[in-house]
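Okay, so here's the structure we're looking at.
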Amino acid sequence: MTSQPLTPVLDRVNTPDDMKQLSDAELRQLADDLRAETIAAVSVTGGHLGAGLGVVEMTVALHAVFDAPKDKIIWDVSHQCYPHKILTGRRDRIRTLRTEGGLSGFTKRSESPYDPFGAAHSSTSISAALGFAVARDLGGEGGDAIAVIGDGAMSAGMAYEALNNAGHLGKRLIVILNDNEMSIAPPTGAMSSYLSRLYAGEPFQEFKAAAKGAVSLLPEPFREGAKRAKDMLKHMTVGGTMFEELGFSYLGPIDGHDMDQLLSVLRTVKERADGPILIHAITKKGKGYAPAEDASDKGHARAKFDVVTGEQKKAPSNAPSYTSVFAETLIDLAANDPKICAITAAMPDGTGLDRFMKRYASRCFDVGIAEQHAVTFSAGLAAGGMRPFCALYSTFLQRGYDQVVHDVAIQRLPVRFAIDRAGLVGADGATHAGAFDVAFLANLPGMVVMAAADEAELVRMVATAAAYDDGPIAFRFPRGEGVGVEMPQNPELLEIGKGRMIKEGSRIAILSFGTRLQEVTAACEALSAKGINPTVADARFAKPLDKDMILKLAADHEALICIEEGSVGGFGSHVAQLLSDEGVFDHGLKFRSMVLPDTFIDQASPRAMYDTAGLNADDIEAKVLDVLGVEVIGKRA
């Protein structure tokens, strides 16, 4: 008689309530099942793998001990939330992650009551958890507030601000420091070194190993004395902890993959904590899946992959990515200009600066998850005579806006902002969309703002920025591959504030800013079949505008359409202001501005997102026909 295979414990868990009846042994098995399910799901969808694998045991332990959604579990950044989603009623949809109409790749309040706070950018969890804790004590929703924050995210100033305030208020608050020595890139800075010292010192570790067994054998009255002795030795060995100085009780380091240890600590904390407490858990990003553990980024972000081999299934491309074009151009320029340097905020791979760093290590700086510091550090470099390129994703540059205004723009310092992931980015959804940078930069006096229409234009803009010393300058480019145009070998510098004519036509002019130019070209091909031949121009600059070109387009055509990959208040708004100031509307010009809609667009493919936004070729064609009074039958299939 053959034995039947055991049913996975995960099949018995639909919500965290189902975990309350499981034994500790079953919880350990649940963690194994959850890790396998996470790997299987992400192999189908792609997404953030390594972070979730690193917190599988922690996720199980948290949901087994605490009572979500009454207790608020807040995942910082929430790259690591896939196992949490599986355990909180979303397993049946987990293979829709990051797809149109599917689950978000991050926590999202509108998606589940188990997601009490939305995230996608780092270092917000302690602030949010403290808000929940204070609201609870003021008569709001009850329950514990638990923030799970990584060591990389702990390097950001906002995390320190929250710790300082929490220690001052003294509210019951639980912070779990998920220390894996790995955020998106290896962490940098004093915090990383400090955390390493907390658990690397052999005397401390030897004492912990001995004390773990010995203290448990003492009668209860003697255990407090043993605890005081342990604390004294800990302080003698590693000099105390910064967290205790900030008002937190500190527990750790503990093994974040030891289920017995996690359950014991969390149960004790739940029962006894009466103020802010920080649990320092050591984990391994990518834990339990060799291809992730062995990868340089520990499996941080993955395309769809083969579970057995870990090989990713990426579509081939004949064109270089915009990011690589930026990086290689900067490397070439730096070979002849020792003043060129580069700054990134924990994203050397994502911004392409890992290549620059290998070539010019002394001139490349990863400042950690600290965009505010990155901007002002760049300002100091510029004031010191260097030519800094501050390379940030559009969505992350938002975090340093006050510094852009006060430390760069007002002082007219020549910081070069390389703005990656401009426009809509696809699977990461609204939290990572580069929708607002044109609007929030172009309104600053003295700021130059450019957008590349293709990869060859990007090369010219990088070169132009390198040579520009009269104040701050920014250039934006999208995620993904270029369009395959011929690359300039000796890029000419652009004249500041001058656009270019692409195609001469009649009646209506289309003024494009950025990579929508490819869609404009496709729309014009369709329009030509209807006997309509628009003039097309590439603005290149949103600030300063090419006043002469724009006014000529307005004078020579009955209608003018602007199009951009940004929000209202950006390029089109500046053009409208110019036309209004010049009295052009008094002469009957029809003007339209095609921008991103006044809404946050959920994840989908980039093309589907732009279809939702109404900025694809069909939409441009329809807009032209509408402005000219030609009946629109509908979009082409």
query: If you take the residues in the stretch 241-290 that are in contact (Cβ under 8 Å) with a residue 12 or more places away in the chain and of a type in the set (Val, Ile, Thr), which one is farthest from residue 41 (Cα to Cα)?
result: 241
message: Here's a check for you: in the stretch 492-517, which residue that is assigned to a loop (DSSP other than H, G, I, E, B) and hydroxyl-bearing (Ser, Thr, Tyr) is surrounded by the fewest Cβ atoms within 10 Å (Cβ to Cβ)?
response: 506
query: In this structure, is residue 626 modelled with pLDDT of 95 or more and either in a loop (DSSP other than H, G, I, E, B) or surrounded by fewer than 17 Cβ atoms within 10 Å (Cβ to Cβ) (or both)?
result: yes
message: Suppose the filter is in contact (Cβ under 8 Å) with a residue 40 or more places away in the chain, farther than 20 Å from residue 580 by Cα and acidic (Asp, Glu); does residue 565 pass it?
response: yes
message: Please verify whether residue 53 is part of a helix (DSSP H, G or I), among the hydrophobic types (A, V, I, L, M, F, W, C) and either assigned by TED's automatic domain parsing to the domain that holds residue 288 or under 27 Å from the mean Cα position of the chain (by Cα) (or both), treating the condition exactly as stated.
response: yes
statement: In the stretch 575-590, anything surrounded by 11 or more Cβ atoms within 10 Å (Cβ to Cβ), over 35 Å from the mean Cα position of the chain (by Cα) and not acidic (Asp, Glu) is listed as 579, 580, 584, 585, 589, 590
query: For the stretch 366-459, list the strands (runs of 3 or more DSSP E) that sit wholly inside it and hold at least 1 residues that are of a type in the set (Asp, Glu) and under 16 Å from the mean Cα position of the chain (by Cα); which are they?
result: 416-420
- prompt: Does at least one position in the stretch 236-250 carry a residue that is modelled with pLDDT under 90, farther than 24 Å from residue 133 by Cα, within 29 Å of the chain's Cα centre (by Cα) and not in a loop (DSSP other than H, G, I, E, B)?
  reply: no
statement: Note on the stretch 370-389: residues in contact with a Lys or Arg (Cβ under 7 Å, 6 or more places away or on another chain) and among the hydrophobic types (A, V, I, L, M, F, W, C) are 386, 389
- prompt: Which condition does residue 109 not pass, out of (1) surrounded by fewer than 24 Cβ atoms within 10 Å (Cβ to Cβ); (2) in contact (Cβ under 8 Å) with a residue 40 or more places away in the chain, if it passes all the others?
  reply: (2)
message: Could you go through the stretch 611-622 and let me know if any residue there is of a type in the set (S, T, N, Q), surrounded by fewer than 18 Cβ atoms within 10 Å (Cβ to Cβ), outside any loop (DSSP other than H, G, I, E, B) and not assigned by TED's automatic domain parsing to the domain that holds residue 424.
response: yes
task: Just need a number here: residues in the stretch 264-299 that are outside any loop (DSSP other than H, G, I, E, B) and either of a type in the set (Val, Ile, Thr) or surrounded by fewer than 18 Cβ atoms within 10 Å (Cβ to Cβ) (or both).
output: 13
statement: All conditions in (1) closer than 30 Å to residue 130 by Cβ; (2) surrounded by fewer than 15 Cβ atoms within 10 Å (Cβ to Cβ); (3) modelled with pLDDT under 95 are true of residue 70 except (3)
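Rundown of residues vs (1) outside the structural domain of residue 425 (by TED's automatic domain parsing); (2) under 30 Å from residue 432 (Cβ atoms); (3) in a strand (DSSP E or B), yes/no style:
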position: 484; (1), (2), (3): yes, yes, no
position: 490; (1), (2), (3): yes, no, no
position: 533; (1), (2), (3): yes, no, no
position: 550; (1), (2), (3): yes, no, no
position: 561; (1), (2), (3): yes, yes, yes
task: Starting from residues that are of a type in the set (A, V, I, L, M, F, W, C) and not in a helix (DSSP H, G or I), keep the ones in the stretch 124-164 and report whichever is nearest to residue 180 (Cα to Cα).
output: 149
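The values are calculated or read from the model by the stated rules, or taken from the named source; none is laboratory data. Keep in mind the model is a prediction, meaning the values are calculated, not measured. Using ideal geometry, Cβ is built from the backbone for each residue, glycine included, and neighbour counts are taken over all protein chains shown.
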